[in-house]
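First the structure, in the form of structure tokens, and then the observations on it.
The values are calculated or read from the model by the stated rules, or taken from the named source; none is laboratory data. The structure displayed is predicted, hence computed values, not measured ones. Don't worry about glycine lacking a Cβ; one is built from the backbone with ideal geometry, like all the others, and counts go over all protein chains shown.
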């Protein structure tokens, strides 16, 4: 299948390219970048040196629609809405990695993005691209709205606890730790290495936009509206997210019950591993272990004394949190093995 | 004043030495280490090369009592109880950096440390060495029990919110991020650089022993018993703790009210800075900014949508979280300027 | 082909496992570890969770010879010599990642390892497993001595300059920078994260054992004996080596001549990329770009003013510097595509 | 003494401020920044929160000359030349941290900076601000040209070997490793944390401008012209430089001779420590140990086999490599204890 990557010079776009240039069912025919047009892709993404001779081209709707069957939008929020409707119109499939089609409730766009969404029909049609919750819809979709990175981790960490009915839905805290690649590739004073190295910096202590997605999806799982008290922190890693969900429980919950909740939800998921060991150094999820991979490691701990479950999920924000999940959706849409092009382990020590 | 440092080869002991060798009112006469007896102190603490010619000596009670007026115990938990009673008996002052005298309720030693405390009289007498809460008692103390590092940060972050009566005391979450020096200097597989670098590793997701201190001190501030839902994470820094307190509030709270709560508690504290700016890159506490210093930076954010206050505190775990706080107590006990030997800024970028 | 990995619990052994469990022509039937016998492999190598259910077994010569066709020795230096002769005797192939068969001159074992080599016949037979220099011999070998990690980088950086006859062979400086995984997985005070993070630590400023290999191989390329002035430094990365060769030249050399020298040597090599760009951020080799991969990126710069060529090579010490190179040799011995199981790109940003 | 800091918003300027706000003989009356005029200094340099209420002001020559007795120029190269002559004219002293007055030979400005120096008189008058070589001249100077950071480390590492006459002056290699703060505070793609973290990036493999200073100063020590083959590498630290000098020797040199050479040069220097231990983890200089301090740790190793001395120097590029050295010169000019305001140790582990 011929694919295009729009916004291919950023970290997420580069990661989509990395996964697609070796993907047996995809042929990347277009990688757009306004700023780096006519430059070799490997000049920006040095890992691809020798793997592709592709050059960036300026985004051109006509060229894209002529050349591609499917388009990955790795654009900043607000850009996809300008292209996607036209791409769909001429029959292309769109896998959007931006936020432009993630929220079902148009009111939420006003609240979180200060933006009146112009295409409620597409908003209704778009499928939230989290295979673990929406696999069947993804199969039939022509427009996928890939989840935000911290949303992916937070939803996957908490969904089993919420679904099992254990959670006090009024007191859910989500404390996220994220690496510097999550800030995007554009340099600014806050991402300067000297300033960014060694931080544990509160970033979006309240009002993180991904709250909206988490609430939408966990609310659907719970069958009622809910809010999450989310705070994000920048830590000194390049890739990776650990989402720590602190959930007060409505009653005492046993380890067995929790194992059952996680297993019943993820037991046959190709990219979710339940990590809850009794020994060893790697007893609970840690993003270090999944760097570069499409795995989401989930795990939990019971805090009986306080009446709390601590639920963890670790992902690589650029893979399972973005490009890998997009390719996973692509595979599902194509009807091929979901693991195609994603079936490799991480490295250790990373 | 002649001082001894017991357990001087570890990270905490080294930090006590660093602060004392330049302290105008202290003369370090003994630095003990069983393992490194007869070795120069700078061999273990290379920063002290040229600053002291001291050598480690084996711990010897007689020698210590003869030579010292005041002793800093930088020993592992369980060791101080063996020495401290005898040191006090012969009239020395003891500043204990271990956990052996921190908890007022003897039952708590059984629960958290699996240990029957043998000296309830000293437990009753010992002063919890957090100057911001116990300055007056410290002045008159002969035995100081210095707080645990994560406890220092968590208590200072949350005390103003609790004291002001804003907090729903049944749903307090404390999410801690800590550097590798917090694990002590003894090497083990989990602290190997290759394994430890780049982690966001859940460590003590439930049942962290410092919970006991936090509950003791915040309970005293609140005037009732309370529990905290605490989880700690290891992150890729050497020094530093960020404690993020997620506090659901019992009613809407304004920024002004919170400023007032923090100011009334810390307005004249020499080592607490309230960091809550509206602009710039350093709007909230970050341990990177306080590395090497005795500062505790505190700050907060209101999450109106959810009805929550997020309270932050950043410290250097080895300074304000251990050796610096001990020296601050020492200064208070001596009746000299509390900032003596601690009055310097951090470096930026660190 | 049925393979065994001896010494499988260390970093190198784990990396061999990572590459072999997904290798289409290899079936790992044995992974030995005395210390972790009966433990799941993924308990030590958490990246392999879900990828293999293999358990460690104690090393047992009989079991190994019965079960395996080929054995990877990921053992400490001095251990391979105890097993390898017996394995060869019963017809197995051995790919040795240790130093036990690398040096052709037995005198060198006395000098560098303080050790009289007991099997000069095998020393003579063993093939130095650097495909770029010894591919034809590897094809026919039954015993491969894989190069040391810093040797791999240093030889590949310098061989073209030496071969072309540009180098003043009496003044070759090799300045190596290496990550913490190079120290092996056993914890010790020098690898503690708090102590190891942030270092630029001179390590083996003179007398690095890999000097012997570099001199052996570059000497063979030069057609005369030579010495290299090698110094190694530990830097704050987990994986990776940059070898910087400072070569005074016997005459002025042009960029074109050097390009020709590197191209003629590496132009058709599957795992050597010549990185010498005129623009962009990635103009010369950097280990960051090859982390996790089997690539060796080489490049050079001419310092006309001084009469010097600076030659660079960047590798992942655990892959092209150890396990990946071993698998590359394995592929060559098997007569299959050399890239089998190794044909993937790195990630960016890593 | 009333001092001004011109270019005070950058890393170097901030470091000058850090050292001066606590300096007993200096009163900072002006800190200029065009970009951040009217902003609190602590907004850019968060370590100074609570230590000063100073605000940035736009650079204004009249105001500076009226308010200050001495000015620190922490400006980009090419800016000092515009201000300094006028400041000197009205009787101020100038301590210039830029390159504008470092090179005695005007030809060198053309070669290295592409720039015709307009004030040969001031070039002749300016004193190269390396106290270890020019203390007496500094005492009498009104214009100090502070050395470049890599020059400071490289000169101090090599001067004793050169002075003692051991060095083959035609084959001196200087291999420098430097942290990210050396790139200045302006953000750009190459300093983005995600891109910069984990690198061992060849940077200025040939033609580093500091070569000119090193050659000027070592040439003066040697008593003849010489060239150094210098290459610099960016490594993953924020602060710090390790300069590794590889010096082929003209004859066999003993450890005792080298000790003597270093001791005779640095034995009474307050900020140079000779680090060459036979045991322990800290046997040779490492910038980690001097972070935040004005120390330059130097050390050496003899490589008898090759006929080489490896000479090391470790500094904090922002302190002994810039602001600290400037303050040291300031103290010397003032005739006060050279250690004033600089007399503290580093932290360990940093």
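When the residues of segment B:192-219 are filtered to those that are without any contact (Cβ under 8 Å) to a residue 12 or more places away in the chain and surrounded by fewer than 24 Cβ atoms within 10 Å (Cβ to Cβ), which remaining residue is nearest to residue B:311 (Cα to Cα)? So that I can check it myself, show each step before the final result.
Of segment B:192-219, the ones without any contact (Cβ under 8 Å) to a residue 12 or more places away in the chain are B:192-195, B:207, B:219.
Next, only the ones that are surrounded by fewer than 24 Cβ atoms within 10 Å (Cβ to Cβ) stay: B:207, B:219.
Values: B:207: 21, B:219: 17 Å.
The selected residue is B:219.
Of all residues being within 23 Å of residue B:190 (Cβ to Cβ) and touching a strand residue (DSSP E or B) at 6+ places or on another chain (Cβ under 9 Å) in segment C:17-33, which is surrounded by the fewest Cβ atoms within 10 Å (Cβ to Cβ)? Just the residue, please.
C:33
Which one of these does residue B:243 not meet: (1) in a loop (DSSP other than H, G, I, E, B); (2) within 11 Å of another protein chain (Cβ to nearest Cβ)?
(1)
Please work out which one of (1) crowded, with 24+ Cβ neighbours inside 10 Å; (2) on the phi < 0 side of the Ramachandran plot is the condition residue A:292 fails and give its number.
Condition not satisfied by residue A:292: (2).
It is to be established whether one or more residues within segment D:249-267 are in a strand (DSSP E or B) and within 14 Å of chain C (Cβ to nearest Cβ).
Yes, that holds for at least one residue.
Just for segment B:224-259: of the residues that are out of contact with any strand residue (DSSP E or B) (no Cβ under 8 Å at 6 or more places or on another chain) and in contact (Cβ under 8 Å) with a residue 24 or more places away in the chain, which one is nearest to residue B:150 (Cα to Cα)?
This residue is B:239.
Report, by residue number, each residue of segment A:303-318 that is more than 10 Å from every other protein chain (Cβ to nearest Cβ) and within 9 Å of the chain's Cα centre (by Cα).
Residues satisfying the conditions are A:315, A:317.
Spot the failing condition for residue C:303; the list is (1) buried (at least 24 other Cβ atoms within 10 Å of the Cβ); (2) free of Cβ contacts under 8 Å to residues at least 12 places away in the same chain, and only one is missed.
Unmet for residue C:303, out of (1) buried (at least 24 other Cβ atoms within 10 Å of the Cβ); (2) free of Cβ contacts under 8 Å to residues at least 12 places away in the same chain: (1).
Does segment C:319-345 hold any residues that are at the interface with another protein chain (Cβ under 8 Å from one of its Cβ atoms) and crowded, with 24+ Cβ neighbours inside 10 Å, and which are they?
C:345 - this is the single residue of segment C:319-345 that is at the interface with another protein chain (Cβ under 8 Å from one of its Cβ atoms) and crowded, with 24+ Cβ neighbours inside 10 Å.
Pull up segment C:197-207, narrow it to residues that are within 23 Å of the chain's Cα centre (by Cα) and under 23 Å from residue B:181 (Cα atoms), then point me to the one that is farthest from the other protein chains (Cβ to nearest Cβ).
C:203
Hey, among the residues in segment B:69-82 that are touching a helix residue (DSSP H, G or I) at 6+ places or on another chain (Cβ under 9 Å) and under 12 Å from residue B:143 (Cα atoms), which one's surrounded by the most Cβ atoms within 10 Å (Cβ to Cβ)?
B:72
Looking at the structure I just gave you, is residue A:118 modelled with pLDDT of 95 or more and over 20 Å from residue A:88 (Cα atoms)?
Spelling it out, it is not the case that residue A:118 is modelled with pLDDT of 95 or more and over 20 Å from residue A:88 (Cα atoms).
Out of the residues in segment B:160-191 that are facing chain A (nearest Cβ under 7 Å) and within 23 Å of residue B:316 (Cβ to Cβ), state the one that is surrounded by the fewest Cβ atoms within 10 Å (Cβ to Cβ).
Restricting to residues being facing chain A (nearest Cβ under 7 Å) and within 23 Å of residue B:316 (Cβ to Cβ), the top hit is B:190.
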